[in-house]
Amino acid sequence: MVMKNYPPQFKADAVALYQSRPEATIRQVAADLGINPETLRNWVRAAGASRPRGRRAEVPPEPPTLLEAENAALRKKVRELEEEREILRKAAKYFAGETRW
């Protein structure tokens, strides 16, 4: 089996992506990035990273309206997708540099 060396920035970005997606498993994130799940698991352990647990937020004086809640959810999703896209761009650039056609 061939051992691949990944740049430190790619590893850090992969761990950050895993942390930013609490609903996703290591296996799902690894599949999205095209790496072995055990590799990602080792990076997460080495980084000493853990997922943010349910943070206790202070109760706002009045609950947000349905539109505000939807906007907040959409903004969060956009940030998540932008981060995923950036990691995939870096991965594509890295792997394109490895090819010797």
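The values are calculated or read from the model by the stated rules, or taken from the named source; none is laboratory data. A quick note: this is a predicted structure, and the numbers were derived from the prediction, not measured. Note that we place each Cβ from the backbone using ideal geometry, even for glycine, and neighbour counts take in every protein chain shown.
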Could you tell me whether any residue of the stretch 83-98 is modelled with pLDDT under 75 and either in contact with a Leu (Cβ under 9 Å, 6 or more places away or on another chain) or not aromatic (Phe, Trp, Tyr) (or both)?
-> yes
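In the stretch 3-37, what residues are β-branched (Val, Ile, Thr) and either modelled with pLDDT under 90 or in a loop (DSSP other than H, G, I, E, B) (or both)? Steps first, please.
Initially, the stretch 3-37 is screened for residues β-branched (Val, Ile, Thr), giving 15, 25-26, 29, 35.
Those that are β-branched (Val, Ile, Thr) and either modelled with pLDDT under 90 or in a loop (DSSP other than H, G, I, E, B) (or both): Thr25, Ile35.
Select from the stretch 1-26 the residues that are surrounded by 13 or more Cβ atoms within 10 Å (Cβ to Cβ) and among the charged types (D, E, K, R) and write down the one among them that is farthest from Ile87 (Cα to Cα). First the steps, then the outcome.
Within the stretch 1-26, the first condition is being surrounded by 13 or more Cβ atoms within 10 Å (Cβ to Cβ), and the residues that meet it are 6, 10-21, 24, 26.
Now drop any that are not among the charged types (D, E, K, R), which leaves 11, 13, 21.
Values: Lys11: 10, Asp13: 6, Arg21: 14 Å.
Looking at the filtered set, the residue picked out is Arg21.
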